[in-house]
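Read through the structure below, which is laid out as structure tokens, and then see the notes.
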């Protein structure tokens, strides 16, 4: 199987040997209602209410969303407006923990017997794809098995972004949960095969998973090259199954459901304990973190500044949700940890790209693009507002992996132009 | 609370830069530049230095006068200067390299918007301009010097201008294979030493500055056509090593700004260059056709680009409904 385009990055997996520790309960919890890619939730608690661990505090009628639960027991102090990093406004619930750590009586293991009960349970767990995109997981299960039969479950364990090691720790610390989750999803949805895809820079994870599946003949471990972006959905499907997801298609159209490794491990934990998604394993690292870099199980809603203080952050210039290639800039350290946060990286140097110079037509952006797009032509078409040209260049295939910007010797912000051009096409 | 910098992803960028790319080309040109000084003596050094300095000066001055950001730091003017010098005979008077540099940098490169925007290779266009305007000076070839400081050189024919039968059976080829490889023949500064040029080509490919497509297809096309035409392996080799083919195929046809983007486009481009070079060499009034061929194909590059756009992975080609 050929390699799709990509870039070789320095891995910086500094925290890979640091076992996950439980992060302390912060002084207050701040939970924005937009936690998934879908519709934001509406708070179902009000100021002054007492909440318990695992109690549902927000939900919505929209199917493309997932409810939110309180990670602590305490009192709702405030419901305020919050500016999300994607530019949307949504309400946010602030909870002051009371230190009693009382569990909600609602926490009980779900009954999962068929497709409907799995979809219901997964939605109730508040699960949104833990790989970073926060796609509500139950939506992935809500396909029509007659129209779009699925024969392969692809487990995405690429973790191709530099610095992040939270999925790697999941492999090492929750390997039984991973297998349990895979078998559960396979059994309920009737998916015969499973491919666990891991980049070759994680040999311990590969060895452990191979040992775990030794007596299974329907689960395979696929070793992928360490070439960013192996973890992009289309790339991992191609490497795992050889199938190509075409424009306008979803993975189920080629018979595949993709789950992040932490997502599938969480499904097993939830099925066993009934504790919803209230804590997230994340990597704390970056050049500004002077001590305690590592992996932590952090309550959702923990302010980032608590993590930075814990990490002895000095001279912080840039903070990122997620990795340096696709992560999102934090604009205020009071912003909280989200369900989809797999890393908080803080940098003390200015990591913004050098000043862009003129395109020299070297073609590197095109050769590194995993999907063979032509970013420099897209930039030209965008600047001349050439809508038809953008369509011909298949702009909407772009997954914003950022390889083009990274590779450009003239440091042109090509990925940014791609995003702007997509907004232009949608208008 | 610290002031945070926010930016769209990706937040890191690679170490590659325009300056690095151009520096790699300069390094790849070094063996040929050094050999030109060995072969043609101090005159070659004077021309090389004049071209590089005047190209950088003209670019710097233009950017200052037009109040644009200074770009001499990207080293592209140095590359243009070096390549232009390699395209001049060692006997040219000093005003020729200066005039050529002005034409290459100001007329061809800067007036069209600077680096990456020029429609034709600056060095080649300048060479063609000089050839047509100063044909006497531009075709006065000299034999290799006997010592480095020798200023007055004896004129001599170049391998391609040398009078020999195409079929190669009646007359002896005027230069031996060893002369052709080491470059001790007549010709422009940088075109004679095949070994230095091939070494430069390997540097470019090894540093991933270029893909080998254009040089291979270009040289291959000329080779196959010449072999069919001359029916002689010795003559074919002679044609491949002689003249400006290697210099053109490795350093000038591979110019990013004026060659197609995709590999498919590069194949078409290089085949066109090769076919035209063969035709001009054997059927036109000039003994050499590398510059003209590349120039013509430069002009066709936007057209080639248009028809050889890369095919994205996962596109669905709409089936046109049959007209009822």
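The values are calculated or read from the model by the stated rules, or taken from the named source; none is laboratory data. As the structure is a computational prediction, the values presented were derived from the model and not from experiment. Here Cβ is always computed from backbone atoms with ideal geometry, including for glycine, and neighbour counts include all displayed protein chains.
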Within the stretch A:315-327, residues being more than 7 Å from every other protein chain (Cβ to nearest Cβ) and touching a residue at least 40 places away in the same chain (Cβ under 8 Å) number 3
Note on residue A:213: of the conditions (1) out of contact with any helix residue (DSSP H, G or I) (no Cβ under 8 Å at 6 or more places or on another chain); (2) farther than 26 Å from residue A:15 by Cα; (3) modelled with pLDDT under 95, unmet is (1)
Out of (1) more than 22 Å from residue A:262 (Cβ to Cβ); (2) at the interface with chain B (Cβ under 9 Å from one of its Cβ atoms); (3) free of Cβ contacts under 8 Å to residues at least 40 places away in the same chain, the one residue A:312 does not meet is (2)
Given the conditions (1) facing another protein chain (nearest Cβ under 7 Å); (2) assigned to a strand (DSSP E or B); (3) within 23 Å of residue A:136 (Cα to Cα), every one holds for residue A:344 apart from (1)
Checked against (1) more than 8 Å from chain B (Cβ to nearest Cβ); (2) under 25 Å from residue B:76 (Cβ atoms), residue A:357 satisfies every condition except (1)
Quick check: is even one residue across the stretch A:397-406 over 21 Å from residue B:311 (Cβ atoms) and away from chain B (no Cβ under 11 Å)? no
request  = Inspect the stretch B:2-12 for any residue being within 29 Å of residue A:356 (Cβ to Cβ), surrounded by fewer than 17 Cβ atoms within 10 Å (Cβ to Cβ) and away from every other protein chain (no Cβ under 14 Å) and give the result as yes or no.
outcome  = no
A careful count of residues in the stretch A:114-133 that are in a loop (DSSP other than H, G, I, E, B) and surrounded by fewer than 20 Cβ atoms within 10 Å (Cβ to Cβ) gives 2
For residue B:254, the lone unmet condition from (1) part of a helix (DSSP H, G or I); (2) within 14 Å of another protein chain (Cβ to nearest Cβ) is (1)
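Output the residues belonging to the stretch A:379-396 that are part of a helix (DSSP H, G or I) and either facing chain B (nearest Cβ under 10 Å) or closer than 17 Å to residue A:427 by Cα (or both).
Hits for the stretch A:379-396 are A:381, A:382, A:383, A:387, A:388, A:389, A:390, A:391, A:392, A:395, A:396.
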The residue that is farthest from the chain's Cα centre (by Cα), considering only those in the stretch A:376-389 that are more than 14 Å from residue A:365 (Cα to Cα) and crowded, with 21+ Cβ neighbours inside 10 Å, is A:381
Condition set within 14 Å of another protein chain (Cβ to nearest Cβ) and either in contact with a strand residue (DSSP E or B) (Cβ under 9 Å, 6 or more places away or on another chain) or not in a helix (DSSP H, G or I) (or both), scope the stretch B:119-147, selection surrounded by the most Cβ atoms within 10 Å (Cβ to Cβ): answer is B:121
### Message
Quick check on the stretch A:409-423. Is at least one of its residues outside the structural domain of residue A:325 (by TED's automatic domain parsing), assigned to a helix (DSSP H, G or I) and in contact (Cβ under 8 Å) with a residue 60 or more places away in the chain?
### Response
no
#### Entry: residue A:153 vs. criteria in a loop (DSSP other than H, G, I, E, B) and either within 22 Å of the chain's Cα centre (by Cα) or surrounded by fewer than 22 Cβ atoms within 10 Å (Cβ to Cβ) (or both)
no
When residue A:196 is run through (1) touching a helix residue (DSSP H, G or I) at 6+ places or on another chain (Cβ under 6 Å); (2) modelled with pLDDT under 95, the failure sits at (2)
When (1) part of a helix (DSSP H, G or I); (2) surrounded by 20 or more Cβ atoms within 10 Å (Cβ to Cβ); (3) more than 14 Å from chain B (Cβ to nearest Cβ) are applied to residue A:210, the one that fails is (2)
Residue A:294 fails exactly one of (1) closer than 20 Å to residue A:135 by Cβ; (2) assigned by TED's automatic domain parsing to the domain that holds residue A:66, namely (1)
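Please work out if residue A:339 is closer than 29 Å to residue A:259 by Cα, assigned to a loop (DSSP other than H, G, I, E, B) and more than 7 Å from chain B (Cβ to nearest Cβ).
On the way: closer than 29 Å to residue A:259 by Cα: yes; assigned to a loop (DSSP other than H, G, I, E, B): yes; more than 7 Å from chain B (Cβ to nearest Cβ): yes.
Yes: the conditions hold for residue A:339.
Looking at the stretch B:67-94, which of the residues that are within 14 Å of chain A (Cβ to nearest Cβ) and over 22 Å from the mean Cα position of the chain (by Cα) is surrounded by the most Cβ atoms within 10 Å (Cβ to Cβ)?
Pass one, the stretch B:67-94, residues within 14 Å of chain A (Cβ to nearest Cβ): B:68-77, B:79-80.
Now narrow it down to the ones that are over 22 Å from the mean Cα position of the chain (by Cα): B:68-70.
Working: B:68: 12, B:69: 10, B:70: 10.
Looking at the filtered set, the residue picked out is B:68.
Is it the case that some residue within the stretch A:273-282 is in a strand (DSSP E or B) and in contact with a helix residue (DSSP H, G or I) (Cβ under 8 Å, 6 or more places away or on another chain)? Outline the logic, then answer.
Here is the first cut: in the stretch A:273-282, the ones in a strand (DSSP E or B) are A:279-282.
If we keep only those that are in contact with a helix residue (DSSP H, G or I) (Cβ under 8 Å, 6 or more places away or on another chain) too, we end up with A:281-282.
Yes, there is a match, as at least one residue in the stretch A:273-282 is in a strand (DSSP E or B) and in contact with a helix residue (DSSP H, G or I) (Cβ under 8 Å, 6 or more places away or on another chain).
So, restricting to strands (runs of 3 or more DSSP E) that lie completely within the stretch A:37-111, which ones have at least 1 residues that are surrounded by fewer than 15 Cβ atoms within 10 Å (Cβ to Cβ)? Can you show your working first?
Details: elements: A:56-59, A:74-83, A:89-97.
Ranges flagged: A:74-83, A:89-97.
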Given (1) surrounded by fewer than 19 Cβ atoms within 10 Å (Cβ to Cβ); (2) part of a loop (DSSP other than H, G, I, E, B); (3) in contact with a helix residue (DSSP H, G or I) (Cβ under 9 Å, 6 or more places away or on another chain), residue A:191 misses just (1)
Reported set for the stretch B:186-217 where residues are crowded, with 18+ Cβ neighbours inside 10 Å and outside any helix (DSSP H, G or I) is B:186, B:187, B:188, B:189, B:190, B:191, B:192, B:193, B:209, B:210
Of those in the stretch B:218-240 that are touching a residue at least 60 places away in the same chain (Cβ under 8 Å) and either within 12 Å of the chain's Cα centre (by Cα) or surrounded by fewer than 24 Cβ atoms within 10 Å (Cβ to Cβ) (or both), the residue farthest from residue B:177 (Cα to Cα) is B:229
Answer with yes or no whether residue A:334 is touching a strand residue (DSSP E or B) at 6+ places or on another chain (Cβ under 7 Å), touching a residue at least 60 places away in the same chain (Cβ under 8 Å), part of a loop (DSSP other than H, G, I, E, B) and surrounded by fewer than 24 Cβ atoms within 10 Å (Cβ to Cβ). yes
